[in-house]
Ligand code: SME
């Protein structure tokens, strides 16, 4: 993608406008997921998981892309569960190299998961699957962290 930074800056303006509009958060998360999938060519599946540090379980929330069988993921399992356990973003540029991985589709090559916090507690995650190998850079992580920081307080 030409000039990620410009694309991400423009998308962040649209995402903030979605979040600041009136209405419930769930359809807004759906709109954000769809926007990301439509506008970033290597974001092939974009979904939110909602989590809880007391149950240590993630549950699939709004997503854009093919349905997944991984609707409930315990902390520690897969890339999503590991990101929740570590409380940090987890970027895997080649999923064939990751043993603790839950496959959603044979087409997925890379995955980036960013935790969402509210009042210091994990309350969800933003998960991106890509059909391209080595698609992500720190710009993706920073962009997704901005989105998660904007969504978190509204959950
Ligand atoms: N691949 C993820 C599971 C969720 S799907 O990507 C939608 C994982 O390893 O946690």
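The values are calculated or read from the model by the stated rules, or taken from the named source; none is laboratory data. Source: prediction; values computed, not measured. All Cβ positions, even for glycine, are placed from backbone atoms using ideal geometry, and neighbour counts span all protein chains on display.
Things worth noting here:
- Test for residue 49: is it outside any strand (DSSP E or B), at pLDDT 95 or above, buried (at least 16 other Cβ atoms within 10 Å of the Cβ) and within 16 Å of the chain's Cα centre (by Cα): no
- Given (1) near the ligand (Cβ under 9 Å from one of its atoms); (2) surrounded by fewer than 13 Cβ atoms within 10 Å (Cβ to Cβ), number of the condition residue 65 does not satisfy: (2)
- Selection count, region 12-46, where residues are closer than 17 Å to residue 62 by Cβ and in a helix (DSSP H, G or I): 19
- Pick from region 112-141, criterion under 15 Å from residue 7 (Cβ atoms) and touching a helix residue (DSSP H, G or I) at 6+ places or on another chain (Cβ under 8 Å), ranking: surrounded by the most Cβ atoms within 10 Å (Cβ to Cβ): 128
- In this structure, residue 145 does satisfy being away from the ligand (no atom under 13 Å from the Cβ) and in contact with a strand residue (DSSP E or B) (Cβ under 6 Å, 6 or more places away or on another chain).
- The set of residues in region 83-121 that are away from the ligand (no atom under 13 Å from the Cβ), closer than 13 Å to residue 136 by Cα and in a strand (DSSP E or B) is empty.
- Filter pass, residue 60 being within 12 Å of the ligand (Cβ to nearest atom) and either more than 13 Å from the chain's Cα centre (by Cα) or in a strand (DSSP E or B) (or both): yes
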